[in-house]
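Nothing in this text is a laboratory measurement; each read-out follows from the coordinates by a stated rule. Source: prediction; values computed, not measured. All Cβ positions, glycine included, derive from the backbone under ideal geometry; neighbour counts span all protein chains shown.
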Amino acid sequence: MSGTILITGATSGFGHATAKLFAKNGWKVIGTGRRAERLAALKDEIGGAFHGMVFDITDEAAMASEFAALPAEFQEIDVLVNNAGLALGTATAPNVPLKDWHTMVNTNITGLLNITHHLLPILIERRGMIVNLSSVAAHWPYAGGNVYAGTKAFLRQFSLGLRSDMHGKGVRVTSIEPGMCETEFTVVRTGGDQSASDTLYKGVNPILPEDIANTIQWVASQPKHININSIELMPVNQSFAGFQVHRDV
């Protein structure tokens with residue numbers, strides 16, 4: 001199978017690895033992101049099979065402008081990968097700046113809704129596919145997860161709702177829910193602290209961007225009568241913790 005895939009957040013991590021893998025397998029790739037220089041580098045690496053769209057997914061007007069200028073050969077989009085997103089901070093709820101909550105909601109939910117709603121007509125027309133990058137945080141709470149985990153739980157439930165609404169239209173929807181993955185995620189979350197990221201993943205043998213790219217490729221390669229509803233995956237070295245118990249003194 002091949003066609004045209006649009007990947008949000010293609011400037012790093014999962015999105016970057018997925019763009020390269022799909023191009024290698026004969027797909028035309030559209031990558032979105034805020035960092036024009038990284039999209040240009042990806043264009044240099046992939047060549048004419050890649051088209052970069054520079055905009056922030058929270059900016060609906062900028063998004064619409066980029067789509068209006070989309071070259072004809074990239075307009076028949078078969079797969080949307082909603083990958084762009086972020087976590088900010090590790091503090092517990094009383095200590096989180098409200099603006100960080102707003103940024104996570106605006107990016108992880110509102111921005112994703114903007115691009116999904118825009119593309120639904122063409123995805124329905126082409127009996128296409130939507131792959132949403134959720135997280136194990138959608139299922140398993142942890143201190144400091146608060147709004148980030150909430151946005152990923154929304155994304156899982158939104159995926160199920162889309163499946164219901166696309167009933168009979170031939171559009172497939174998958175929620176991919178990874179555990180510990182070594183990307184820019186923790187560096188962004190900690191405000192640029194590379195050492196915090198290095199410490200978190202040391203000895204873990206975490207999931208890598210290429211692992212998620214392979215998972216997305218597998219989902220997209222399934223026969224059109226098969227829908228993969230959700231995939232939860234973790235590194236072998238990560239598992240489930242017990243409940244917390246606080247005892248009053």
* Say whether the condition of being surrounded by fewer than 16 Cβ atoms within 10 Å (Cβ to Cβ), closer than 27 Å to LEU21 by Cα and of a type in the set (Gly, Ala, Ser) is met by at least one residue in the stretch 212-222. => yes
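Restricting the stretch 72-112 to residues that are among the aliphatic types (A, V, I, L, M), in a helix (DSSP H, G or I) and touching a residue at least 12 places away in the same chain (Cβ under 8 Å), which is nearest to GLY170 (Cα to Cα)?
Pass one, the stretch 72-112, residues among the aliphatic types (A, V, I, L, M): 72, 77, 79-81, 84, 86-88, 91, 93, 96, 98, 104-105, 109, 112.
With the extra rule that they be in a helix (DSSP H, G or I), the set shrinks to 72, 93, 98, 104-105, 109, 112.
Checking the rest, the ones that are also touching a residue at least 12 places away in the same chain (Cβ under 8 Å) come to 93, 104-105, 109, 112.
Values: ALA93: 41, MET104: 31, VAL105: 29, ILE109: 24, LEU112: 21 Å.
Top of the filtered list is LEU112.
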* Would you pick out the residues in the stretch 181-213 that are in contact with a Leu (Cβ under 7 Å, 6 or more places away or on another chain) and either without any contact (Cβ under 8 Å) to a residue 12 or more places away in the chain or in a helix (DSSP H, G or I) (or both)? -> THR186, VAL188, ARG189, ALA213
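Report yes if LYS28 is of a type in the set (Lys, Arg), touching a residue at least 40 places away in the same chain (Cβ under 8 Å) and farther than 21 Å from GLY85 by Cβ, otherwise no.
On the way: of a type in the set (Lys, Arg): yes; touching a residue at least 40 places away in the same chain (Cβ under 8 Å): yes; farther than 21 Å from GLY85 by Cβ: yes.
So LYS28 fits the description; yes.
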* Structure fact -> Here the residues within the stretch 123-143 that are surrounded by fewer than 16 Cβ atoms within 10 Å (Cβ to Cβ) and either more than 20 Å from ILE231 (Cα to Cα) or aromatic (Phe, Trp, Tyr) (or both) are ILE124, GLU125, ARG127, TRP140, TYR142, ALA143
* Structure fact -> Those residues of the stretch 55-77 which are of a type outside the set (Phe, Trp, Tyr) and touching a helix residue (DSSP H, G or I) at 6+ places or on another chain (Cβ under 8 Å) amount to ASP56, ILE57, THR58, GLU60, MET63, ALA64, GLN75, GLU76, ILE77
